[in-house]
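Structure record follows, encoded as structure tokens.
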Amino acid sequence: MESLMFWLGNGFWMLMIFDCLRNDPDRRTWLWILIFLPWFGAVLYFVMRRLPYLNIPMPTQIRRWTHRNQIWDAEAAAKNIGKAHQFVNLGNVLLDAGMSDRALNAYGQAVSQEPQNINALWGLASIAIAQKQYITAKSHLEIIMDKDPDHKFGEASLAYGQVLYELKEWDAAETHLVDDVKRWSHPEAAIMLAHIQIEQGNTAVAQENLETMIFKLRGTPRFYFRQKQHLLGKAQRMLRQLK
């Protein structure tokens with residue numbers, strides 16, 4: 001058992017050193033920490049430098065506990081004031097806390113008062129996508145795209161492209177994703193677009209699209225790049241298959 005822990009600890013330490021050398025802009029400082037404080041330094045590096053980029057969701061119970069005061073305040077505002085704005089805010093807090101069923105009800109209350117409330121529709125669409133109810137999501141997103149195509153700094157545009165892609169509405173999806181890539185440069189949109197182009201036999205166009213996406217992604221800020229790094233690997237694998 002001690003031997004196993006020794007090898008696991010050393011393996012984790014070496015992995016953190018490799019990640020530091022490859023990705024960390026402050027590698028000189030952190031390498032000294034990793035070398036002189038091997039196991040403790042590896043844990044410290046993981047928590048402070050690696051964990052923020054992994055987007056690991058917290059367990060639902062912890063999320064509910066950390067949001068308990070916000071939920072209390074939002075519920076009180078919804079009961080006392082009861083306007084669409086308060087219900088949207090309640091829905092957002094509940095959704096962040098992982099309570100999607102209650103969030104769905106809150107957004108529904110907002111839409112019942114203001115049928116074209118974009119923020120409520122965005123909440124409903126987000127839940128529908130998470131539950132793979134793409135037809136429902138599409139109906140909400142169509143209203144959003146008609147009223148505010150730039151909603152959430154392009155997140156709504158990407159979501160609409162994803163919904164069209166999942167529903168296999170290829171022509172509409174391709175048209176929208178081409179526009180999304182030009183306007184927002186979402187790497188997810190570029191990959192979905194490339195899949196469609198490959199299925200249509202437009203491999204040269206798909207290859208150019210993927211190469212452009214990789215070039216742009218490598219030029220983004222480091223925090224964003226590390227969040228999207230898995231998409232870089234996916235695009236590179238697709239390119240190898242095309243060549």
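The values are calculated or read from the model by the stated rules, or taken from the named source; none is laboratory data. Since the model is a prediction, treat every value here as computed from it, not as a measurement. Here Cβ is always computed from backbone atoms with ideal geometry, including for glycine, and neighbour counts include all displayed protein chains.
Brief remarks on what is shown
- Scanning the range 171-206 for residues that are small (Gly, Ala, Ser) and either surrounded by 20 or more Cβ atoms within 10 Å (Cβ to Cβ) or assigned to a helix (DSSP H, G or I) (or both) yields Ala172, Ala173, Ala189, Ala190, Ala194, Ala204, Ala206.
- Annotation note: of Lys168, Lys152, the sole residue that is part of a helix (DSSP H, G or I) and basic (Lys, Arg) is Lys152.
- The set of residues from the range 233-243 being under 16 Å from Ala206 (Cβ atoms), modelled with pLDDT under 90 and in a helix (DSSP H, G or I) comprises just one member, Leu242.
- When Asp179 is tested against (1) at pLDDT 95 or above; (2) under 24 Å from Arg237 (Cβ atoms), only condition (2) is not met.
- Selection within the range 139-169: residues that are in contact with a Phe, Trp or Tyr (Cβ under 9 Å, 6 or more places away or on another chain) and β-branched (Val, Ile, Thr). The member of this set that is farthest from Leu124 (Cα to Cα) is Val163.
- Single residue of the range 212-224 satisfying the filter (free of Cβ contacts under 8 Å to residues at least 12 places away in the same chain and part of a helix (DSSP H, G or I)) that is surrounded by the fewest Cβ atoms within 10 Å (Cβ to Cβ): Phe215
- Hey, Ala156 at negative phi, crowded, with 20+ Cβ neighbours inside 10 Å and modelled with pLDDT under 95 or not: no
- Contact map, the range 225-243: residues that are assigned by TED's automatic domain parsing to the domain that holds Ala206 paired with residues that are aromatic (Phe, Trp, Tyr) and assigned to a helix (DSSP H, G or I), Cβ distance under 7 Å, separation 6+ or inter-chain. Pairs shown: Arg226/Tyr53; Gln227/Tyr53.
- Looking at the range 1-115, the helices (runs of 4 or more DSSP H) lying wholly inside it that each contain 1 or more residues that are surrounded by 16 or more Cβ atoms within 10 Å (Cβ to Cβ) and touching a residue at least 60 places away in the same chain (Cβ under 8 Å) sit at 51-54.
- For the range 98-109, residues that are touching a Phe, Trp or Tyr at 6+ places or on another chain (Cβ under 8 Å) and either at pLDDT below 95 or more than 15 Å from Ser126 (Cα to Cα) (or both) total 1.
- Annotation note: Cβ proximity below 8 Å between a residue of the range 165-180 that is in contact (Cβ under 8 Å) with a residue 12 or more places away in the chain and under 18 Å from Gly201 (Cβ atoms) and a residue that is surrounded by fewer than 17 Cβ atoms within 10 Å (Cβ to Cβ) and charged (D, E, K, R) (sequence gap 6+ or interchain) occurs for Trp170/Glu199.
- Residue that is nearest to the chain's Cα centre (by Cα), among those in the range 64-95 that are of a type in the set (A, V, I, L, M) and more than 19 Å from Pro115 (Cβ to Cβ): Leu95
- Index of the failed condition, Asn209 passing every other in (1) over 19 Å from the mean Cα position of the chain (by Cα); (2) surrounded by fewer than 16 Cβ atoms within 10 Å (Cβ to Cβ): (2)
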